[in-house]
Amino acid sequence: MTATPISRTQSRPELFFTQAEDKVALQGLLWEPQTASDSVVLMVPGGTTGAAIFPAHDYSPMANALVDRGYSFLLTNMRASYNNPYSEYSDAVKDIAGFVAFAKSRGYSRLAILGISLGGPRMAQFMAERNDPAVKAVGFIASIPSPYLEFQVRSSDADKRRLEETLQHARELVAQGKGQQAIEFANWFPGAVSIMGTAKWLISFFGAPSDPSAPSSVKYGPQIKVPAVVIHGDSDELALPPNAQKIYDSLTAAPQRDMVWVKGASHYLTPGPLAEAYGRQATEWLVKNFPLSARR
């Protein structure tokens, strides 16, 4: 495979407004080459907010590398970013459907969808539930099977028990009709970062596989029937490498599946060499497995 050079293009994205499948207002960023093809790459952000603009991630090297090769790049912004403590994880499917419809309205008939971190499960559920034939390839970037399953890999037995107790408390509140009551889980992320939202929100995003509404890329992975790639940093401090293996192993129906390790990369597309490395690996894989075709 010929290495994709690091892009020196500094294309400026277009801020656009659109609607989710259920008419909720959304916005995103779109990078387009001077001569657009019929192919666009959508990025679904991670985190509970699903925010397109996140300080730890620099998407511009990936966007510029793809634009250099003739692809358009669409960075989505989930509705959860507007009202995160009260949001519901499953709404992401409606949001992605809205962005796919927007891309088609702009003349794009062939799509690839990437999901970073929690964006991976969001994308996987969309693929399984919508089965849109316009989507020709998918990618999991620094992704996780789910927040709950990721937590099991890197946490102590004491922290795992603490999570189970918190989730059970949240379930009891929901059963009592108190799903909007605030609840906190301390020290979720490395660095003593805590999370807080409603009881319903906590189950929605951080629930166990037995919670019907909880995220799970490995649950939906076997239903993905297009070429798929897992691109993961071998030094990811949050989504430890076993997470990438679980995702890859779930992609049993993909006609082509690949695991790509980014040497020295953490969980984040940190501005500089790491963001450039992720961008280069994603572009190289897409050029091979989602080849460009001219717009008709």
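Restricting attention to the chain, the count of lysine pairs at 8 or more positions apart or across chains with alpha carbons under 12 Å apart stands at 4.
Against the chain, whose longest principal axis is taken from its Cα atoms, helix 273-289 shows a tilt of about 70°. Values of log10 I(q)/I(0) for the stretch 156-206 across q = 0.25 Å⁻¹ run -0.92, by the Debye formula with one identical scatterer at each alpha carbon and no solvent. Within the listed set Ala275, Ala170, Ala25, the residue fluctuating most in the Gaussian network model of the chain (springs between alpha-carbon atoms under 10 angstrom) is Ala25.
For the chain, pairs of C-alpha atoms spaced more than 24 angstrom apart make up 48 percent of the total.
Averaging the Cα positions of each part gives two centres, and for the stretch 230-252 and the stretch 50-96 these lie 20 Å apart.
Over the chain, dividing the summed -39,500 (n - 2.57) contributions of all DSSP H runs of at least 4 residues by the number of residues returns a 222 nm mean residue ellipticity of -10500 deg cm²/dmol. Compared with the dominant Cα axis of the chain, that is its longest principal axis, helix 241-250 is turned about 70°. Taking the DSSP bridge list for the chain and keeping only pairs wholly inside it, about 35 percent are antiparallel.
What ranking, highest mean first, results for peptides 43-50, 176-183, 211-218, 153-160 when packing means the other Cβ atoms within 10 Å averaged over each residue?
Output ranking for 43-50, 176-183, 211-218, 153-160: 43-50, 211-218, 176-183, 153-160.
State, as an integer percentage, the relative contact order of the chain based on alpha-carbon contacts under 8 Å between residues 6 or more apart. All intermediate terms of the calculation are to be shown ahead of the outcome.
Working: 655 pairs, mean separation 62.1, N = 296.
Relative contact order comes out at 21 percent.
Each reported figure results from applying straightforward, stated rules to the coordinates on display, with no laboratory input. Not measured: the values here are computed from a predicted model. We place every Cβ from the backbone using ideal geometry, glycine too, and count neighbours over all the protein chains shown.
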